[in-house]
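Reviewing the structure listed below.
The values are calculated or read from the model by the stated rules, or taken from the named source; none is laboratory data. What you see is a predicted model; the values in this text were computed from it and never measured. Neighbour counts are summed over all protein chains in view; Cβ atoms, including those assigned to glycine, are modelled from backbone coordinates with ideal geometry.
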Amino acid sequence: MVAALIGGCEDLQKVTPVPNTTSSNLTANFLAINASPDAPSLDLYVNNVMTGASVTTGQAQAGYTSVSVTTNGVGANTNIRAKASTGSIGGILGSNDLIFRAGNNNTNNFVAAAGGSYTLVVVDSINRPVPVRTLNSSNFGDVTYYSSQSSFTAKQKSDGVTDTVIQLSVGSNNSVTTANLLKKYNNNLLPPFFLPIGIVPLGSSDVGGARFLLITDNLPLPATSPVFPVPAAGKFAARFINASPDAGSATCKINSATVGGATTFPMLQANFNPSVGSRSTTVGFTNSVTAIGTYDVVVTVGSATVKLTAQTFADGGIYTIVLSGRVAKNSLTLTLVQNK
């Protein structure tokens, strides 16, 4: 477990990681993808040991790295961090590491399964401010929203001409009251730069900046879920992760077949735990997408398309396609990872 705070005032990002309790012969497999639009080159550390190659923005490690994990007698208690390959990680985190947080109010480690396979995707901006707990109109804690813009301009519904300017707070301190006002003037929709980040609890350990999306890819038998799919002979499986914070909804296709997975920014999806900070989920693979061969991978975002040309998919292969970058900066990019 990461060292506890002394007197409750030590900077969470400066806590020195403590090796886990008891050595064992357990191993787990980890693969890192850097999908942050503005993070530097990052190194993945598992239990304080660098794991796999450095990854720049829009880049993934070539495959899983098997890592020894220690046990606390219950599970494989695993400390996970990302560090800048050189210099500072920058942004809100400054020179500090990105730490995986197992809960809203702590910096507990990840409990890995022996023999399990995991993909760690670094998402979001290194400049995301520390989230602030906000209240609703009844003065109760409610969903907090992140805005990358300081205002939103819309037309009055009454005449369709007069501008209505709604002032926003840049950062993670916009309330549900503000969100409802935006919806009122935006066809009952939130603009793509205005994102819910969950209900910020009292004592939250989320220090802002980039964060991990941890995906459980495969658990050893007799686990029934999640496990790698078994594509039919002559076919392959793939999944899609939309890691762009401002792309809205995206569609991914291979040879005209739609690829399932996370088609909106992962921070927007419900039922994540914890609700702020690092998140852990399972993004389902789409089985037997199509017959093996060489195809273009095409992602559509609104009227724009992003493409990887002439990608060869192997018999029985399992793949992850990640959209990263920003629409506003015309920097969308695709990354193709072969998980198996």
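Values computed for the structure shown
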| item | result |
| --- | --- |
| Strands (runs of 3 or more DSSP E) within segment 163-211 that include 1 or more residues in contact with an Asp or Glu (Cβ under 9 Å, 6 or more places away or on another chain) and either aliphatic (A, V, I, L, M) or buried (at least 17 other Cβ atoms within 10 Å of the Cβ) (or both) | 171-174, 194-199 |
| Residue within segment 286-298 that is under 30 Å from Gly208 (Cβ atoms), polar (S, T, N, Q) and touching a strand residue (DSSP E or B) at 6+ places or on another chain (Cβ under 9 Å) present | no |
| Segment 254-296 - residue that is over 16 Å from Leu120 (Cβ atoms), at pLDDT below 80 and among the small types (Gly, Ala, Ser) and, of those, surrounded by the fewest Cβ atoms within 10 Å (Cβ to Cβ) | Ala270 |
| Phe228, sole failed condition from (1) of a type in the set (Phe, Trp, Tyr); (2) assigned by TED's automatic domain parsing to the domain that holds Leu26; (3) under 18 Å from the mean Cα position of the chain (by Cα) | (3) |
| Residue ID - farthest from Asn79 (Cα to Cα), chosen from residues in segment 93-138 that are of a type in the set (Lys, Arg) and either modelled with pLDDT of 85 or more or in contact with a helix residue (DSSP H, G or I) (Cβ under 6 Å, 6 or more places away or on another chain) (or both) | Arg133 |
| Filter result (in a loop (DSSP other than H, G, I, E, B) and crowded, with 18+ Cβ neighbours inside 10 Å) within segment 81-99 | Ile89, Asn96, Asp97 |
| Some residue of segment 107-114 being more than 24 Å from Asn339 (Cβ to Cβ) and hydrophobic (A, V, I, L, M, F, W, C) | no |
| Test: residue in segment 93-103 that is farther than 24 Å from Ile241 by Cβ and touching a strand residue (DSSP E or B) at 6+ places or on another chain (Cβ under 7 Å) | no |
| Wholly within segment 235-340, strands (runs of 3 or more DSSP E) carrying at least 2 residues that are of a type in the set (D, E, K, R) | 235-242 |
